[in-house]
Amino acid sequence: MAEEVLIIRVREYDEERDREAVKDMERRCEQPARKPSLSTDLMGDPICRIRHSPTYLMLVAEYGEEKDNIVGVIRGCIKTVTRGAEKQKLFPIYTKVAYLLGLRVLPTYRRLGIGTKLVEKLEEWCKQEGAEYAYMATECTNEASINLFTLKCAYVKFRTPTVLVQPVHAHYKPTGPGITIIRLTPQLAESIYRRVFNNSEFFPKDIDVILSNKLSLGTFMALPKRALHKWDPKSGHLPSCFAILSVWNSKEVFKLQVNGVSALTYALCVGSRILDGWMPWLRIPSIPNVFRPFGVYTLYGPHMEGGKGASRLMKSLCAFAHNMASDDPGCGALVAEVGRMDPVREAVPHWRRFSWAEDMWCMKKLSMTSDDEDDEDDERCGVHNWITTRPSSSVIFFDPRDF
């Protein structure tokens with residue numbers, strides 16, 4: 001009996017031709033919720049999560065003799081980011097990295113090598129575009145995804161940042177006395193970010209593009225009122241005590257929904273929201289209606305300086321962002337992702353039940369050999385391989401386009 005030959009074709013996604021088929025495939029990938037789970041609604045735009053990146057690609061996999069039988073997808077984008085700084089901490093080291101996301105394969109077609117082939121084909125494109133590294137991110141409990149990348153595709157576990165989630169309540173949150181919050185121009189925000197994240201990892205070289213994007217709702221700085229008149233932005237100096245962050249409107253990109261909760265949990269959550277709306281002075285920590293599609297605001301670039309007082313300033317900034325979200329119908333949560341040892345982790349308000357301490361990032365070096373020029377540059381900077389080198393900072397900049 002002749003052995004059956006598996007026919008797997010991987011090609012670039014055609015938005016006009018493939019949109020409906022991909023939407024149907026990803027809907028079929030959603031498993032019935034028997035326990036609390038979070039589903040993502042891309043609102044009819046399969047490439048919405050990579051559309052704002054400088055360079056991106058989406059691939060689809062077809063299986064069998066019949067064309068247009070789409071059984072798998074993967075997305076990828078390429079950007080230039082920092083991987084630390086020189087020993088003197090004067091100049092950041094930039095490198096091209098590829099971010100792989102949105103890998104999905106229909107349940108009935110898994111274990112046939114389709115996921116592996118999608119990753120390999122996307123990596124080929126990344127190499128052609130000059131990416132030196134590729135990385136992916138997933139929940140630390142997603143063993144199937146982690147095993148695919150680490151065991152079959154030669155990725156290694158790299159970083160474990162923390163995802164902080166704060167529900168948006170019906171009531172406003174106080175920003176605190178004696179604190180001034182000002183909105184920065186994109187140009188001033190860019191200047192400050194390039195200074196304070198000089199030594200960090202994953203800070204995007206095109207931060208100016210992010211700050212001027214229509215989804216960026218602004219960059220805000222909190223500082224003591226008494227210090228406001230002493231600070232002149234044109235001087236080039238930063239205040240001695242301040243906090244800064246930017247807000248990204250992910251609500252216009254995708255929606256989330258919580259499924260699989262018990263009737264009792266549902267009733268308690270709805271009841272807390274009703275009480276909070278009726279009696280806001282009680283400041284009940286209510287839960288928004290997360291059982292239907294809701295949007296989120298992403299807080300990016302959180303940074304603070306100035307000792308203990310800076311933590312209070314960061315909390316005030318987060319309260320300010322919360323109140324912005326509260327005025328936006330359909331926005332149910334604020335999300336921030338920070339390095340596991342980043343000092344702002346303890347200052348950003350969040351609910352532990354909704355947050356997760358470790359978001360697993362796995363990375364792979366795509367160019368296994370470097371030319372002489374790269375070797376000399378690496379030797380000068382004291383960095384040979386990003387994956388095996390100890391990080392020069394505890395700070396990881398989370399690009400809001402990647403959420």
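Here, each number is a calculation from the coordinates, and none is a lab measurement. Owing to the predicted nature of the structure, the values given are computational and were not obtained by experimental measurement. Don't worry about glycine lacking a Cβ; one is built from the backbone with ideal geometry, like all the others, and counts go over all protein chains shown.
Multiply the residue separation of K127 and R110 by 0.36 nm, subtract the distance between their alpha-carbon atoms, and state the gained length in nm to one decimal.
On the way: separation 17, 0.36 × 17 = 6.12 nm, distance 2.62 nm.
Gain on extension, K127 to R110, equals 3.5 nm.
Sorted into 10 angstrom bins from 0, the C-alpha pair distances of the chain split as 4, 20, 30, 25, 15, 5, 1, 0, 0 percent. Do the alpha carbons of any pairs in K23/K67; K121/K364; K23/K96 sit beyond 19 Å of each other, and which pairs? Pairs exceeding the cut-off: K23/K96.
Helix-only arithmetic for the chain: the sum of -39500 (n - 2.57) across DSSP H runs with n ≥ 4, divided by the residue total, places the mean residue ellipticity at 222 nm at -7500 deg cm²/dmol.
Rg and Dmax over the alpha-carbon atoms of the stretch 115-230 stand at 20.4, 60 Å. Projecting the Cα atoms of S240, G295, V335 onto the charge dipole of the chain, computed from C-beta unit charges around the Cα centre, puts S240 farthest toward the positive end.
Can you figure out the FRET efficiency of L101 with K225, using R₀ = 45 Å and their beta-carbon distance, to the nearest 0.05? E(calc), rounded to 0.05, equals 0.60.
Contact order for the chain, expressed relative to its length and based on alpha carbon pairs under 8 Å spaced 6+ residues apart, stands at 23 percent.
Calculated translational diffusion coefficient of the stretch 202-294 (10 °C, 1.306 mPa s; Stokes-Einstein with Kirkwood radius over alpha-carbon pairs) equals 90 µm²/s. Taking other Cβ atoms within 10 Å as a rough exposure proxy, R104, R51 sort from fewest to most as R51, R104. With the convex hull drawn around the C-alpha atoms of the stretch 8-65, the volume per residue stands at 117 Å³.
Over the stretch 165-346, the ratio between the Cα radius of gyration and 2.2 N^0.38 Å evaluates to 1.11.
Can you give the FRET efficiency to the nearest 0.05 for S326 and F291, using r as the Cβ-Cβ distance and R₀ = 22 Å? For S326 and F291, the calculated efficiency is 0.70.
Using 0.36 nm per residue, how much length does the chain from M279 to N385 gain when fully extended, once their Cα-Cα distance is taken away?
Values: separation 106, 0.36 × 106 = 38.16 nm, distance 5.64 nm.
Full extension of this stretch gives 32.5 nm more.
Fully extending the segment from V156 to S240, taken as 0.36 nm per residue of separation minus the present Cα-Cα distance, adds 26.3 nm.
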